[in-house]
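The values are calculated or read from the model by the stated rules, or taken from the named source; none is laboratory data. All values derive from a computational prediction rather than experimental measurement. For neighbour counting, all protein chains shown are included, and Cβ atoms are generated from backbone atoms with ideal geometry for every residue, glycine included. All accessible areas refer to the heavy atoms of the entire protein, side chains included, with ligands and DNA or RNA removed. Shrake-Rupley method; radii C 1.70, N 1.55, O 1.52, S 1.80 Å.
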Amino acid sequence: MPTFEPTGTNKLPKLVHRGKVRDSHELSSNKLLMVCTDRISAYDVVLPNPIPGKGIVLNQLSAFWFNITTHIVPNHFVGLTLDDPKSNLSAEIKRRSMVVKKAKRIDIECVARGYITGSALQEYKSTGKIAGTPMPKGLREGDRFPEPIFTPATKSNEGHDENITVDMMASLIGADLTEELKDITLKVYSFAHEYALNRNIIIADTKMEFGIIAGTITLIDELLTPDSSRFWDKQDPMADNPVNYDKQYVRDWLLSQGWNREPPAPMIPEDIVCKTQKRYHEAFRRITNTNIR
């Protein structure tokens, strides 16, 4: 599968924002074309080579989740470009783009965790706490929390995002908005966790972003993808290194190289690229019960 990176030959509308993975283009005063590239980031650093076809998976999986979570919270999704017969964009861009409503972004990453792993595990080992909250003793990698927990982080355009406490979040955006975002995040996570569990995927954790549209809290960006979540095989939840269908495979390889998590990152070898592709496609197939379009 060829690697995709937007170029002038694709005749895209004006670029208004370039993220680590997604590029947003102006469509109108209230709508954007959001294009999911094949770029991949780890520890907030964009890696030098992409994962071909990755953006197609992220785009179509986000659309799937946006469609089935509207009973919990509104989102910015308008439609897949792939489904617009009037679109004159190339087939390659159609597969990896969606039309979304413009929103005023809330600069907080809202993280829901159902299992202890990643940075939460590191904090727990060091302090016995997660996001500043004391946790039970004796938790091990992969253990499930009695109830999902909310662990926010700052959203940084440059450099590393930083985990913060709920109280710190409240001091930044207000206590009422913090409680609303916490409640919505945990509701979406709990719904998605049960949905995926029936399809032999454990969603260990996930991060969400929100904005305000017409005064209403709205889910934006991506939702429950292998980039923004940890997807584990249901049959192997308690292993030291559970079988995963997400970006953790790339993170593990990077750390095995002794990388210090600062740019530049090392090139990803071809075999790691191919195995990552397969993991992303398997996550999509299991969760949606369909093949990528």
Given (1) closer than 21 Å to ILE217 by Cβ; (2) in contact with a helix residue (DSSP H, G or I) (Cβ under 9 Å, 6 or more places away or on another chain); (3) of a type in the set (A, V, I, L, M); (4) open to solvent by 20 Å² or more (accessible area, probe 1.4 Å), number of the condition ILE184 does not satisfy: (2)
Counted residues, segment 124-147 - those being in a strand (DSSP E or B) and more than 20 Å from MET169 (Cα to Cα): 4
Members of segment 74-123 found to be open to solvent by 20 Å² or more (accessible area, probe 1.4 Å), touching a His at 6+ places or on another chain (Cβ under 7 Å) and in a strand (DSSP E or B), listed by number: LYS101
Criterion (surrounded by fewer than 19 Cβ atoms within 10 Å (Cβ to Cβ), assigned to a loop (DSSP other than H, G, I, E, B) and acidic (Asp, Glu)) met by exactly one of ASP161, ASP167, ASP176: ASP161
Number of the exception - HIS71 against (1) closer than 27 Å to TYR195 by Cα; (2) open to solvent by less than 40 Å² (accessible area, probe 1.4 Å); (3) not hydroxyl-bearing (Ser, Thr, Tyr): (2)
Strands (runs of 3 or more DSSP E) within segment 186-271 that include 1 or more residues at pLDDT 95 or above and among the aliphatic types (A, V, I, L, M): 201-213, 216-220
Residue within segment 279-291 that is in a strand (DSSP E or B) and either without any contact (Cβ under 8 Å) to a residue 24 or more places away in the chain or touching a Cys at 6+ places or on another chain (Cβ under 7 Å) (or both) present: no
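Okay, residues lined up against (1) assigned to a strand (DSSP E or B); (2) in contact with a helix residue (DSSP H, G or I) (Cβ under 6 Å, 6 or more places away or on another chain); (3) more than 23 Å from ALA265 (Cβ to Cβ); (4) modelled with pLDDT under 95:
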site: THR9; (1), (2), (3), (4): no, no, yes, yes
site: LEU12; (1), (2), (3), (4): no, no, yes, yes
site: SER29; (1), (2), (3), (4): no, no, yes, no
site: ARG39; (1), (2), (3), (4): no, no, no, no
site: PHE64; (1), (2), (3), (4): no, yes, yes, no
